């Protein structure tokens, strides 16, 4: 049974903000969690910050937690694992549920869903880490050509992402990425504008936030550019013709719905030079740091950080 609670009811609940965790995005998760925790306290909620180690369920019971605000980025927190644990023990939680979390974390799975729904996404080649590297390189050159983008299948925050333009670099970069992340795929490079669209709400209240254009001072919007102040220029609203802007929002909403995501997400898109929006990633638990995209987009739509946090919290019920 789904419960719908108002803010007065929620003020009586003990909220655990889950952050940190074991993934490569731990430090970002701690920053996101701290911001959410401080917002909840500021708004008069009863909240506690919790890491996942060593005994998550034991900590939730000890703190007499009623609801979980999940700010765990990356593996364990964003791939369906913690969602499964929380559901087994009866804890309502924010964000997408088990299958949607798993599918959005697995970039190949999400791309296949989008392809089945006719949502534009860059062409890609899955890499067999056990096959001879020369064979995989030839497959990439034949199916995609150059330049290409090499990506881990299940990492967030652009961890391990490389753009390869020179044929001589393809084999060593691919080999290095496989050695670090094991599961890897290669995507066609789309030249154009890098944008992102936050999705917020549930059911009839679902909305696409303003389209944010990202202009990184580095080659692309990598981990450092995402979380270092001053390394990326935010342009709100994105510099797109009105029909393309609206189509970008529509496609972002479609990508969120296709994966059955819930409560909030962030859809990353490349708008090609011929104005086609290609979805390349969906983040089911977007960052809530000072440099994160979702809070900036919400602010442009007239939604304060505290309002954003309260809206996400309410979606847990």
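The values are calculated or read from the model by the stated rules, or taken from the named source; none is laboratory data. These numbers were taken from a predicted model, which means no experiment stands behind them. Here the Cβ is made from the backbone with ideal geometry for all residues, glycine too, and neighbour counts use every protein chain on show.
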What is the one condition in (1) more than 27 Å from residue 155 (Cα to Cα); (2) modelled with pLDDT under 95; (3) buried (at least 21 other Cβ atoms within 10 Å of the Cβ) that residue 3 does not satisfy?
-> (3)
Criterion: closer than 23 Å to residue 102 by Cβ and within 25 Å of the chain's Cα centre (by Cα) - qualifying residue of 48, 68 = 68
When residue 205 is run through (1) buried (at least 21 other Cβ atoms within 10 Å of the Cβ); (2) in the same structural domain as residue 292 (by TED's automatic domain parsing); (3) more than 19 Å from residue 239 (Cα to Cα), the failure sits at (1)
Checking residue 120 against (1) within 23 Å of residue 248 (Cα to Cα); (2) in a loop (DSSP other than H, G, I, E, B); (3) in contact with a helix residue (DSSP H, G or I) (Cβ under 6 Å, 6 or more places away or on another chain), the condition it does not meet | (3)
Please work out if residue 52 is within 14 Å of residue 16 (Cα to Cα) and free of Cβ contacts under 8 Å to residues at least 40 places away in the same chain.
-> yes
Hey, can you tell me all the residues within the range 80-90 that are buried (at least 19 other Cβ atoms within 10 Å of the Cβ) and in a loop (DSSP other than H, G, I, E, B)?
-> 80
Given (1) surrounded by fewer than 18 Cβ atoms within 10 Å (Cβ to Cβ); (2) in contact (Cβ under 8 Å) with a residue 40 or more places away in the chain; (3) within 21 Å of residue 191 (Cβ to Cβ), index of the condition residue 133 fails | (3)
Sort out which residues of the range 172-200 are modelled with pLDDT under 95, more than 18 Å from residue 124 (Cβ to Cβ) and touching a helix residue (DSSP H, G or I) at 6+ places or on another chain (Cβ under 9 Å), and write them in order of number.
-> 175
Do we have residue 138 as without any contact (Cβ under 8 Å) to a residue 60 or more places away in the chain, touching a helix residue (DSSP H, G or I) at 6+ places or on another chain (Cβ under 9 Å) and surrounded by fewer than 16 Cβ atoms within 10 Å (Cβ to Cβ) here?
-> no
Does residue 32 fit the bill of being outside the structural domain of residue 155 (by TED's automatic domain parsing) and either in contact with a helix residue (DSSP H, G or I) (Cβ under 6 Å, 6 or more places away or on another chain) or over 15 Å from residue 309 (Cβ atoms) (or both)?
-> no
Restricted to the range 149-193 and to residues being in a strand (DSSP E or B) and within 15 Å of the chain's Cα centre (by Cα), the residue surrounded by the most Cβ atoms within 10 Å (Cβ to Cβ) is 151
Which one of 10, 72, 60 is modelled with pLDDT of 95 or more and part of a helix (DSSP H, G or I)?
-> 60
Does residue 36 meet the test of being out of contact with any strand residue (DSSP E or B) (no Cβ under 8 Å at 6 or more places or on another chain) and either surrounded by fewer than 16 Cβ atoms within 10 Å (Cβ to Cβ) or in a helix (DSSP H, G or I) (or both)?
-> no
